[in-house]
Amino acid sequence: MTVETTDSSETMRHAMVASQLRTNAVSDPRLVAVMARVPREKYLPVEAQAMAYRDTALPLGRGRFQNVPIATGRLLTEAVLQATDRVLLIGAAGGYTAAVLAEIVASVTAVESDAALAALARTALADHANVTVVEGPLEAGAADAGPYDLLVIDGATEHLPEALLAQVKPGGRVVGGIADRGVSRLAAGRRSAGGFALLPFADIDCVPLPGFARTKSFTF
């Protein structure tokens, strides 16, 4: 990047924090400080970098999108991040959310199913020793590194498989988007011995993630 481009990106990043995050209940001061510092464009394909700070989902290719800053910010605020957290991130994309998390929590296992995005994430996150990028089906998670204190799903899903939820410790937290008949909402919950449910907390658009479509029932 040229000096001018760097300066411009920093200006746009602070504008994002002021106009998109602070005005939409992204209230964790640690999170706000990190999102004001992490260069979002570093974790995007070249063709999307100029749009890094727009308040829209950004196309990443092959049907994937980068979640809007408000959605990611609200999810991580609701997660009540702890310095000791071991986090499973589903939908790593190019690594932006993993980079934000890595500044606050103990470790991040970031799962990405798209080979090109996983490669981008590995390169962009090379300086983050507490982040591991796992390439594989999003719905499978990364059980070998579990159990986790927190599951972050940076996108919308129609349902969460029990095999993925089982990777969260009893009492562990889960945040993510839920999709229902074309409408997405942000939701949060805890895993307990008695069951699990995600409860919506904000009507904010969230990008869809592959691998989580609900099985369609057969009708005549």
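Given the residues Thr84, Thr56, Thr123, which is the only one that is over 25 Å from Gln167 (Cα atoms), open to solvent by 40 Å² or more (accessible area, probe 1.4 Å), touching a residue at least 12 places away in the same chain (Cβ under 8 Å) and among the β-branched types (Val, Ile, Thr)?
Only one candidate qualifies: Thr56.
With respect to Ala92, is the statement that it is in contact with a strand residue (DSSP E or B) (Cβ under 6 Å, 6 or more places away or on another chain), open to solvent by less than 40 Å² (accessible area, probe 1.4 Å) and over 25 Å from Lys169 (Cβ atoms) true?
no
What residue, of Val168, Val207, is in contact (Cβ under 8 Å) with a residue 40 or more places away in the chain, open to solvent by less than 50 Å² (accessible area, probe 1.4 Å), farther than 19 Å from Gly73 by Cβ and in contact with a strand residue (DSSP E or B) (Cβ under 8 Å, 6 or more places away or on another chain)?
Just one listed residue meets the conditions, Val168.
Go through segment 19-36 residue by residue and tally those that are free of Cβ contacts under 8 Å to residues at least 40 places away in the same chain and either at positive phi or open to solvent by 60 Å² or more (accessible area, probe 1.4 Å) (or both).
So the answer is 4.
A quick yes/no check of all residues on (1) of a type in the set (Ser, Thr, Tyr); (2) over 22 Å from Ala71 (Cα atoms); (3) touching a helix residue (DSSP H, G or I) at 6+ places or on another chain (Cβ under 7 Å); (4) part of a loop (DSSP other than H, G, I, E, B):
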residue: Arg122; (1), (2), (3), (4): no, yes, no, no
residue: Ala156; (1), (2), (3), (4): no, no, no, no
residue: Leu186; (1), (2), (3), (4): no, no, yes, no
residue: Phe212; (1), (2), (3), (4): no, no, yes, yes
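For segment 138-158, state whether one or more residues are modelled with pLDDT under 95, open to solvent by 50 Å² or more (accessible area, probe 1.4 Å) and not hydroxyl-bearing (Ser, Thr, Tyr).
yes
Name the residues in segment 95-120 that are open to solvent by less than 30 Å² (accessible area, probe 1.4 Å) and assigned to a loop (DSSP other than H, G, I, E, B), would you?
Gly95, Ile104, Val105, Asp114
Determine which single condition Ala202 fails, assuming it passes every other condition in (1) touching a residue at least 40 places away in the same chain (Cβ under 8 Å); (2) within 29 Å of Arg122 (Cβ to Cβ); (3) of a type outside the set (D, E, K, R); (4) open to solvent by less than 30 Å² (accessible area, probe 1.4 Å).
(2)
The values are calculated or read from the model by the stated rules, or taken from the named source; none is laboratory data. Small disclaimer: the values here were computed from a predicted structure and weren't measured. Here Cβ is always computed from backbone atoms with ideal geometry, including for glycine, and neighbour counts include all displayed protein chains. Accessible surface areas use protein heavy atoms only, side chains included; no ligands, DNA or RNA. Shrake-Rupley method; radii C 1.70, N 1.55, O 1.52, S 1.80 Å.
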